[in-house]
Amino acid sequence: MKKIILLSYLALSLNCLLAFPTHSMATAGGGHVSHGSSNHSSAGHTSSRNSYGRINNSPHARTSLSFNKLIIFSGSICLFIIAKRNNKETIDPQESIPYWAIPLEEPLKTEISSLYLIIQKNWSNQTLSNCQHYYSEELYLQHLQLIQNMQKRQQKNIIKKITIESIYNYTTLDDTQFKVTICATMIDYIITINNKQISSGDKKRRGVINEDWYFKRKPNGHLIITEIR
């Protein structure tokens, strides 16, 4: 848009210059321009003309020159105002920022972080019923089944020292649903309950996990999780 406006300005300026020449192009009194000698006779009258390229210093020419400058200056001001208004109306300050880099508002970030930590704590303690109200029904049944399977094998997934490093890639899915990517570091391992032996994971070293968490805002404002990928 800026290029179009600048080109329009240049075209207007050129048009003004061509429509109102600042150099003498004909003799005073209406005589025709001669491309030959400096004097030319027409209809029995002798008229003199200024040579091409020589500035005409007559009062009429000076008035035309001033008028030309006024038109160009006025056009410049008008185009500048239009450009500024157009710039304010059409440019989004976040237009050039990738959607995954747009920061979350702090209240939502805090809400997501709190829910994430609650889910992880109850998963580790195998007390999923304590946070059932943060789940969609379908996802709750899936996670409950996984915990029951671990209990049958006498296993427990220990998760501790959780640090949420970043929450990004916020994407709106519809009026009530969105997803984010959560990057967190934590100690994560599985033990056999009877002998406390570690069957997988590392008890001392922190690992990094990146997951897409899907959320839904219920009519009462309550935030629940619907999927984890």
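Since every read-out is calculated from the coordinates, none of them should be taken as a lab result. Everything numeric in this text was worked out from a predicted model, so none of it was measured. Glycine gets a Cβ as well: all are built from the backbone with ideal geometry, and neighbour counts include every protein chain shown.
Of all the residues that make up the range 167-202, how many are in a strand (DSSP E or B) and either of a type in the set (Gly, Ala, Ser) or without any contact (Cβ under 8 Å) to a residue 24 or more places away in the chain (or both)? Explain how you work it out, then say what you get.
So in the range 167-202, the residues in a strand (DSSP E or B) come out as 167-172, 177-192, 198-201.
Narrowing the set further to residues that are either of a type in the set (Gly, Ala, Ser) or without any contact (Cβ under 8 Å) to a residue 24 or more places away in the chain (or both) leaves 172, 184, 198-201.
Residues that pass the stated criteria total 6.
Out of the residues in the range 132-150 that are under 37 Å from the mean Cα position of the chain (by Cα) and surrounded by 11 or more Cβ atoms within 10 Å (Cβ to Cβ), which is farthest from ILE228 (Cα to Cα)?
Taking the range 132-150 and keeping what is under 37 Å from the mean Cα position of the chain (by Cα), we get 133-140.
Cutting the leftovers down to surrounded by 11 or more Cβ atoms within 10 Å (Cβ to Cβ) gives us 134-136, 139-140.
Working: TYR134: 13, TYR135: 11, SER136: 11, LEU139: 9, TYR140: 11 Å.
Among those that are under 37 Å from the mean Cα position of the chain (by Cα) and surrounded by 11 or more Cβ atoms within 10 Å (Cβ to Cβ), it is TYR134.
I'd like to verify a number: residues in the range 203-229 that are in a strand (DSSP E or B) and under 30 Å from the mean Cα position of the chain (by Cα), how many? Even if it seems obvious, please write down each step before you answer.
Taking the range 203-229 and keeping what is in a strand (DSSP E or B), we get 207-217, 223-228.
Retained after the next criterion (residues that are under 30 Å from the mean Cα position of the chain (by Cα)): 208-217, 223-228.
Going through the range 203-229 one residue at a time, the tally reaches 16.
Provide a single number: the residues in the range 214-229 that are in contact (Cβ under 8 Å) with a residue 40 or more places away in the chain and more than 23 Å from MET150 (Cα to Cα). Can you show your working first?
Here is the first cut: in the range 214-229, the residues in contact (Cβ under 8 Å) with a residue 40 or more places away in the chain are 214-218, 222-228.
Subset that is more than 23 Å from MET150 (Cα to Cα): 214-218, 222-224.
So the count comes out to 8.
Here is a list: ASN169, ASN195. Which entry is more than 20 Å from SER136 (Cβ to Cβ) and surrounded by 12 or more Cβ atoms within 10 Å (Cβ to Cβ)? Spell out how you get there, then give the answer.
Values: ASN195 fails: surrounded by 12 or more Cβ atoms within 10 Å (Cβ to Cβ).
Just one listed residue meets the conditions, ASN169.
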